[in-house]
Amino acid sequence: MTSRIYYTDPYCRRFDAAVTRAFQHEGRPAVLLDRTAFYPSSGGQPFDIGTLSERGPSGSAVNVLDTVDLDDEVVHVLSAPLAAGAAVHGEVDWDRRFDHMQQHTGQHVLSAGFDRLFDNRTVSFHMGAELSTIDLARDMSWEQIARAEAEANRIVWENREVAIRFVSPGEALALPLRKEPSRTGDLRLIDVKDFDLSACGGTHVARTGAIGAIVVSALEKFKGGVRVTFACGGRALRVFHTLREAVSGSVRALSVLPHELPGAIERMQAEAKDLRRALKRFQESLAAHEAARLVGAGGARGVVVEALEGWDAAGLKMIASEITQHASAAVALFSSSSPFAVVVARSRDLSVDANAVLRALTERFGGRGGGKADLAQGGGLDGRIADICLAARELLRGSAHPSNP
Ligand SMILES: [Zn+2]
């Protein structure tokens, strides 16, 4: 069985070992070592990556792409094969690992904060590539989160010792563990001095000061409790940088101070709503004028076909409805630029099937749409607008006769 160096020395990043087995793991070369500092994904903490190089003058390095915990062994998945029996030097990608140690230890301290202040148990923990989450058993307010966050950071800044202890199951029974251990046999305990005692197989910093800072960035309801999103150390700094960029861009665009942003956005939203309402009123009255003009120019048998500049699909529908409500007419209105939007409509006294006319147009000029016999609309028509209008005029004339002669 592989001896796991990180169990007792999580700061070990370089080590010598021997390849005890070489094989394929899910189609990729892999090895087992007699001892390793590489951490395999487990308990919410992602795997380590790094390199293994053969010791000796010809020793070339291969990348460790993944580290997997399998049947109590640590499988190192490699970029190229290594031979069984080889003496190797391992090097763990330390930036990645130390980041994981910051997040993981920060999680212990923050979870203990929720537990000690509000008796709210951590159900699960997940470390993502950017942010990590803790799922809590019960609901919590932002005010409570802020208090637990403050308490956790107090523990960080007191730079308390984080010790690793091994105990038997019997000894564990007598200890105030935050969480019931999920495994049997001897337990590895992570002891944040006078604050938290949990069974955990992960890697942690030696003193809480190395966590740097713990920030909670989001809170959402989840399975009857809440999901808390948080970041520690270097990630907390990155969260701040992301927010700083977003806020400074926004305050420049709106010419306000950061704390004035929410109010400024609410005012803009209210103004936009008023503008939309005013615009709709103007559109309606303009549509009535446009409808009157078109009916005047409609010509024989009340067929109105036009491409109208400056109107969207909703405006075209408004004008078409206006015409068919006040005149005996069959109407096809188009937008003025390709791909063309179209509205086909007819007044109640005519038997034109607007939907059939629309279908005939889209069959010939592409696009899609649908509707009813008295009003249909579509879009995506392509071709010369003069040809499309001519076709529409023929279709409407061919079928436009009074339904009650
Ligand atoms: Zn842990």
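We did not get these values from a lab; they are worked out from the coordinates using the rules stated. Everything numeric here is computed off the predicted structure, so don't read it as measured data. Neighbour counts are summed over all protein chains in view; Cβ atoms, including those assigned to glycine, are modelled from backbone coordinates with ideal geometry.
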Can you flag which of Lys273/Lys372; Lys273/Lys317; Lys179/Lys223 are past 26 Å Cα-Cα? Lys273/Lys372
Sorting Gln377, Cys389, Gly50 by the position of each Cα along the dipole of the chain (Lys, Arg +1; Asp, Glu -1; all at Cβ), the one nearest the positive end of that ordering is Cys389
Only Lys, Arg (+1) and Asp, Glu (-1) charged, at Cβ; the range 277-405 dipole about Cα centre in debye: 180 debye
Per the 1/(1 + (r/R0)^6) rule, R0 = 45 Å and r from the Cβ atoms of Leu70 and Asp194, FRET efficiency to 0.05 is 0.75
Answer rounded, prolate or oblate for the range 215-282, using the Cα gyration tensor with square roots of eigenvalues a ≥ b ≥ c: rounded when a/c is under 1.5, else prolate when a/b is larger than b/c, else oblate. oblate
Cα long-axis angle, helix 261-296 against the chain (0 to 90 degrees, to the nearest 10): 20 degrees
What full-extension length gain, to one decimal in nm, is calculated for Arg252 and Phe23 as 0.36 nm per residue of separation minus the Cα-Cα distance? 76.6 nm
Angle between the Cα long axis of helix 142-157 and the longest principal axis of the chain, 0 to 90 degrees, nearest 10? 30 degrees
To the nearest 10 degrees, how steeply does helix 94-118 sit against the main Cα axis of the chain, on a 0 to 90 scale? 90 degrees
Could you give the nm distance between label points at Ser285 and Ala137, where each point is 7 Å from its Cα heading toward the beta carbon? 6.6 nm
Run the dipole for the range 67-225 about the Cα centre, Lys and Arg Cβ at +1, Asp and Glu Cβ at -1, nothing else charged, and hand back the magnitude in debye, nearest 20. 340 debye
Can you list the aspartates and glutamates whose alpha carbon is less than 12 Å from that of Lys193, not counting same-chain residues fewer than 8 positions off? Glu158, Glu161
Check: C-alpha center the range 99-158 vs C-alpha center the range 349-402, spacing in Å is 63 Å
Compute the separation of the alpha-carbon centres of the range 235-294 and the range 164-228 and state it in Å as a whole number. 46 Å
Could you point to the residue in Leu316, Gly128, Ile5 farthest towards the positive end of the chain's charge dipole, with +1 and -1 charges on the Cβ of Lys/Arg and Asp/Glu respectively? Leu316
Taking 7 Å along the Cα-to-C-beta vector as the label spot, tell me the Arg348-Phe222 distance in nanometres, rounded to one decimal. 5.8 nm
How large is the charge dipole for the chain, taken about the Cα centre, if only the Cβ atoms of Lys, Arg (+1) and Asp, Glu (-1) carry charge, to the nearest 20 debye? 1080 debye
Sum of side-chain charges, Ser53 neighbourhood, beta-carbon under 12 Å (Lys, Arg +1; Asp, Glu -1): -1
By the scheme Lys and Arg +1, Asp and Glu -1, what is the net charge of all other residues having a beta-carbon under 15 Å from that of Pro339? 0
Calculate, in nm to one decimal, what Phe240 and Ala356 gain on full extension: separation in residues at 0.36 nm each, minus their alpha carbon distance. 35.9 nm
